[in-house]
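Since the structure comes first, as structure tokens, the remarks are kept for the end.
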Amino acid sequence: MGLSIAVLHNLRRLRNRPGDTGEAAGLEAEYDTQETVDALCAALEAAGHRAVAIEADADCVQHLRQRRPDLVFNVAEGLPAEGREAQAPALCDLLGIPYTGSGVLTLALCLDKAMAKRVLLQQGIPTPAFRLVRPGEPAGASGLRFPLFVKPVGEGTSMGISPHSVVHDPAELDRQVRAVHGAYRQAALVEEFLEGREFTVGLLGNGPVTVLPITEINYGALPAGYPPVYTYQFKKEWEEDRYYFLPAPLDEALQRRVAETALAASGALGCRDVSRIDLRLDRAGVPHVLEINPLPGMAPGVSDLPKQADAAGLGYGGLVCAIVEAALRRGRGSLSASGWSGGRPGHFHEAPHRGAQDP
């Protein structure tokens with residue numbers, strides 16, 4: 001017998017254009033489309049569960065109390081507020097409902113990129129040198145080496161990132177910091193720009209963690225003169241396979257180093273069940289963590305994680321069921337009613353999740 005599972009989400013209603021900027025545009029860009037919500041529900045129902053979609057708005061507590069689901073499949077980005085991605089898990093904790101994915105502290109920490117980087121540095125995990133510039137503060141480099149990279153401290157989906165985000169002198173730095181302050185009404189994260197190869201690594205499960213096939217961003221396919229930056233425009237306009245290498249062409253040593261750095265970062269921040277880590281190489285070829293994504297996109301055929309699951313032979317339904325299985329194993333046992341057996345294809349790379357925080 002399957003479970004009653006609520007897909008807790010925020011629905012995108014505005015149609016963002018690549019040039020859209022600002023707080024509202026950024027938040028809407030992170031929200032899920034109706035097609036993604038429908039796909040999640042369909043995958044759960046195909047596995048024998050009863051799925052219902054509940055929007056994570058001011059009325060969701062009432063809906064959750066009425067439905068009393070066995071589990072929440074959490075993809076909610078939250079409403080505008082500090083640490084918004086932590087809202088849905090906090091409500092589930094309050095109501096005593098188990099949920100998939102990371103908990104309150106991890107989601108709040110990872111959304112604040114500066115705080116996440118401080119944790120990484122404390123754990124000895126490479127990440128670009130940085131400083132935080134709050135609104136009203138001067139945008140000096142403070143010992144950082146140009147070129148620098150400027151982005152909002154608390155946004156996702158590459159919002160606030162454009163070809164202008166790479167700055168080469170104090171005047172450009174001041175201009176871009178002011179742009180972030182004005183559009184997003186939050187601090188700007190200024191970090192040293194690494195010009196090496198860029199990867200995103202999908203992680204699935206808890207101790208051991210499955211490392212899905214690694215994706216490399218193919219900046220060589222970009223139009224002439226476009227900087228090697230994974231902008232919002234890049235994600236929305238250049239979705240064809242030629243802009244990505246999946247799996248990334250890595251020798252065994254570098255693949256292991258990238259995977260181990262991603263695992264270490266996920267463990268240091270306490271990620272659970274599923275996460276995606278973005279990394280870039282420095283001039284010496286050392287992987288540095290750019291961001292930790294404990295709430296990765298789940299749009300089938302579009303988001304990085306589902307594409308990696310497809311490349312691994314798991315498929316979208318298998319990915320969804322694997323996330324459910326991982327959450328239940330943390331709580332009250334394995335899901336025997338699932339349509340997914342829990343087996344992993346032989347070409348998956350598995351590694352221990354060192355430093356993971358399981359409740």
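Throughout, read-outs are computed from the coordinates displayed, never taken from laboratory work. These numbers were taken from a predicted model, which means no experiment stands behind them. Cβ sites come from the backbone with ideal geometry, for glycine too, and all protein chains shown count toward neighbours.
Observations
- Over the chain: helical MRE at 222 nm, DSSP H runs n ≥ 4 each giving -39500 (n - 2.57), nearest 500: -10000 deg cm²/dmol
- Interatomic Cα distance distribution for the stretch 31-113, bins of 10 angstrom, percent: 17, 49, 30, 3
- A full extension of the chain between H168 and R65 corresponds to an added length of 31.7 nm, given 0.36 nm per residue minus the alpha carbon distance.
- Taking amide H as placed 1.01 Å from N in the peptide plane, I54 has its amide H under 5 Å from the amide H of V7, L8, H9, each at least 5 places away in sequence or on another chain.
- Per principal axis, descending, Cα span of the stretch 101-238 in whole Å: 47, 37, 26
- From phi via Karplus (6.51, -1.76, 1.60), per-residue ³J(HN,Hα) for the stretch 53-61 in Hz, x at Gly/Pro: 8, 10, 7, 7, 10, 5, 9, 5, 4
- The 3J(HN,Hα) values that the Karplus relation (6.51, -1.76, 1.60; θ = phi - 60°) gives for the stretch 92-108 are, in residue order, 4, 4, 4, 8, x, 9, x, 8, 7, x, 6, x, 4, 5, 4, 5, 5 Hz. Gly and Pro appear as x.
- For R272, the amide hydrogen comes within under 5 Å of the amide hydrogens of S102, G103, counting only partners 5 or more places away or on other chains and with H modelled in the peptide plane.
- Percentage relative contact order, the stretch 129-192, counting C-alpha pairs under 8 Å, at least six apart: 51 percent
- Computed from backbone phi, the HN-Hα couplings of the stretch 241-258 come to 4, 5, 8, 9, 10, 9, x, 5, x, 10, 6, 4, 5, 5, 4, 5, 5, 5 Hz, rounded to whole numbers (Karplus: 6.51 cos²θ - 1.76 cosθ + 1.60, θ = phi - 60°; Gly and Pro given as x).
- A simple charge model with +1 on the Cβ of Lys and Arg, -1 on the Cβ of Asp and Glu and nothing else charged puts the dipole of the chain at about 540 debye relative to its Cα centre.
- Sorted peptide list for 95-106, 216-227, criterion being average Cβ within 10 angstrom, highest first: 95-106, 216-227
- Net length gained if the chain between A81 and R13 were fully extended (0.36 nm per residue, minus Cα distance): 22.6 nm
- Note on Y243 and R330: with the Förster distance fixed at 30 Å, the Cβ-Cβ geometry gives a FRET efficiency of about 0.25.
- Length added when fully stretched, Q123-A90, from 0.36 nm per residue minus Cα-Cα: 9.2 nm
- Cleavage-rule hits (trypsin sites (Lys or Arg not before Pro)) in the stretch 41-147: DSSP loop, at most 11 neighbouring Cβ within 10 angstrom: R145
- Here the scattering of the chain is modelled by Debye summation over its C-alpha atoms, one equal scatterer each and no solvent; at q = 0.10, 0.11, 0.12 Å⁻¹ the log10 of I(q)/I(0) is -0.59, -0.72, -0.86.
- Temperature 10 °C, viscosity 1.306 mPa s: under these conditions the Stokes-Einstein estimate for the stretch 129-192, based on its Kirkwood radius over C-alpha pairs, is 141 µm² per second.
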